[in-house]
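A.B. asks: Let me begin by handing over the structure; questions about it come next.
The values are calculated or read from the model by the stated rules, or taken from the named source; none is laboratory data. If you're wondering where the values come from, they're calculated on a predicted model, not measured in any experiment. Reconstructed Cβ throughout: ideal geometry from the backbone, glycine too, with neighbour counts over all protein chains shown. To get the accessible areas, we keep the full protein, side chains included, count just its heavy atoms, and leave off ligands, DNA and RNA. Shrake-Rupley method; radii C 1.70, N 1.55, O 1.52, S 1.80 Å.
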Amino acid sequence: MSATNSLNAEDLGSAAQRDRRKRILDATIDLASKGGFDAVQMRAVADQADVALGTLYRYFPSKIHLLVSALGREFERTEAARRDVEIPGDTASERVINVLKGTTRGLQSSPHLTEALTRAFMFADASVQAEIHQVGMLLSTMLTRAMHPGQSEPTDDDVAITRIIGDVWLAALVGWVTGRMTAAETGAQIERAVHLILRD
C-alpha cells in the first residue's frame, strides 16, 4: 500500500489494529468538536489516542487524511442508522431533502466539528483520493436509497446525480461554515437545488 493512503478498516488484520484506528478517529472527532480544524494537531491526536506519533502517521499520513477519514466514519454511522428506516416523503425529491436536511442538522449541531471536516474536504488533494471516494460513495448510497427505496446498488446515472447533489450540499455547508449563509438559507438552497435536479 502506498504511504500516501490511510489504512482503512479492511486493511487492518487484527482487532488491536482496528481498535487503534477507532481510538485515533475518536480523538480526532473529539478535538475537532472542541476547537475546529486548528485544534486537530497530529501530536495532540496521538497523545489523546494513546499511540506513538509514528504509528499515527502509518495509519493516516496527514491531518487532511485524518479528518476526511473521520468524515467518512460519521457518514458510515449515519448510513447505518438509516439503513432500515423508511424515509418520509412521497417523491424522490422529498426523500432526498429529508436525508440531507437531517444530516445537515446533525452537522450544524457541532459547528466546530463541521468546520474541521468541511475544511479538510475542501483542502484535500489527489493523495486523499481514496478517502474522498469513500465519502462520496457513502453519500451516493444514502441518497440513492432515498431516491429509489428498495434498490440495492446505485446505477451510473444515480452516482452522477448524487455527486451533483453532493457538490451543491457541500457548497451550502461551506457557506454556512464561513458565515455567508444562515442555517435556514442553507436548507433552502439545498431544497431548491434538489427540486431543480430531480424535477419530480
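A.B. asks: To the nearest 500 deg cm²/dmol, what mean residue ellipticity at 222 nm is calculated for the chain from DSSP H runs of n ≥ 4 alone, each contributing -39,500 (n - 2.57), summed and divided by the residues?
C.D. replies: On the way: 9 runs with 143 residues, N = 200.
-23500 deg cm²/dmol, from helical runs alone.
A.B. asks: Students often forget the sequence filter, so: which aspartates and glutamates lie under 16 Å Cα-Cα from K22 once same-chain residues fewer than 8 apart are removed?
C.D. replies: The qualifying aspartates and glutamates are E10, D11, D30, D47, D50, E74, E76, E131.
A.B. asks: So how much accessible area does I132 have, in Å² to the nearest 10, using a 1.4 Å probe?
C.D. replies: Result for I132: roughly 50 Å² accessible.
A.B. asks: Further question on the same structure: Pop out the ³J(HN,Hα) list for the range 163-172 in order, Karplus 6.51 cos²θ - 1.76 cosθ + 1.60 with θ = phi - 60°, rounded to Hz; leave Gly and Pro as x.
C.D. replies: Per residue, the Karplus-derived 3J(HN,Hα) values read 5, 5, 4, x, 5, 5, 4, 4, 4, 5 Hz.
A.B. asks: I'd like to check one number: the per residue accessible area of the chain, probe 1.4 Å, reported in Å² as a whole number.
C.D. replies: 50 Å²
A.B. asks: Right, here's the next one. What Rg and what Dmax come out for the range 49-102 when only alpha-carbon atoms are used, in angstroms?
C.D. replies: Computed over the Cα atoms of the range 49-102, radius of gyration and Dmax are 16.9, 51 Å.
A.B. asks: For Kirkwood radius over Cα pairs in Å, several values are listed as (i) 16.5; (ii) 17.5; (iii) 17.1; flag the one computed from this structure.
C.D. replies: Read-out taken from this structure: (ii).
A.B. asks: Still on this structure: Considering only protein heavy atoms and a 1.4 Å probe, what is the carbon-and-sulfur percentage of the accessible area of the range 1-146?
C.D. replies: On the way: 3520 of 6870 Å².
Carbon and sulfur together cover 51 percent of it.
A.B. asks: Also: For E185 paired with R18, estimate the spin-label separation in nm (one decimal), with each label point 7 Å from Cα along the Cα-to-Cβ line.
C.D. replies: Going from the E185 label point to the R18 one covers 4.5 nm.
A.B. asks: Suppose R0 equals 45 Å; then what is the FRET efficiency for A39 and K101 from their Cβ-Cβ distance, rounded to the nearest 0.05?
C.D. replies: My answer for the efficiency is 0.95.
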